[in-house]
Amino acid sequence: MTDSEIDPAVYAELTRLRDSIDNIDAAVVHMLAERFKCTQQVGRLKAEHNLPPADPAREARQIARLRGLAESAKLDPAFAEKLLNFIIAEVIRHHERIAEDTQTGDERRGE
């Protein structure tokens, strides 16, 4: 079915909802960018003080916290946990790279 075959009122509502989804997606991307700016600073601090890139106890607390927030928001906690695990894995990868760059003196790559 093409857009022109959809009832105009239904199409207008679909467009309105999709516009909202697009706005939310943009906000999510910007929030993730801000989060990664902070985690990059954490990575640099850890590297400067020879701290390990991963912090399993902190990660476990964050997962439990996020699962609780997800339940309160009526979002599947398992989905929220998968999302956070994906983010945490990316953060750890960044922290490992920052630590490597700090050891080799190539701090430009860690930016």
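Observations
- Set of lysines near LYS74 by C-alpha distance (under 19 Å), chain-local residues within fewer than 8 positions excluded: LYS82
- Region 42-97 shape via C-alpha gyration tensor axes, a/c threshold 1.5: prolate
- Relative contact order of the chain, defined on C-alpha pairs under 8 angstrom at six or more residues apart (%): 28 percent
- Charge dipole (the chain, unit charges on Cβ, about Cα centre) - positive-most of GLY105, VAL91, SER20: GLY105
- Highest-fluctuation residue, ALA27, ALA57, ALA12 considered, GNM on the chain with Cα pairs under 10 Å: ALA12
- Note on the chain: with neighbouring protein chains present and a 1.4 Å probe, carbon and sulfur make up 59 percent of its accessible heavy-atom surface.
- Counted without the sites themselves, the longest stretch of the chain free of trypsin sites (Lys or Arg not before Pro) in a DSSP loop having at most 13 other beta carbon atoms within 10 Å is 1-73.
- Total charge dipole magnitude, the chain, about the Cα centre, Cβ charges on Lys, Arg, Asp, Glu only, Debye to nearest 20: 600 debye
- Surface accessible to a 1.4 Å probe, per residue, for the residues of region 1-84, Å²: 78 Å²
The values are calculated or read from the model by the stated rules, or taken from the named source; none is laboratory data. This is a predicted model, so every value here is computed, not measured. As a convention, Cβ positions derive from the backbone with ideal geometry for all residues, glycine included, and neighbour counts pool all protein chains shown. Only protein heavy atoms, including side chains, enter the accessible area calculation; ligands, DNA and RNA are left aside. Shrake-Rupley method; radii C 1.70, N 1.55, O 1.52, S 1.80 Å.
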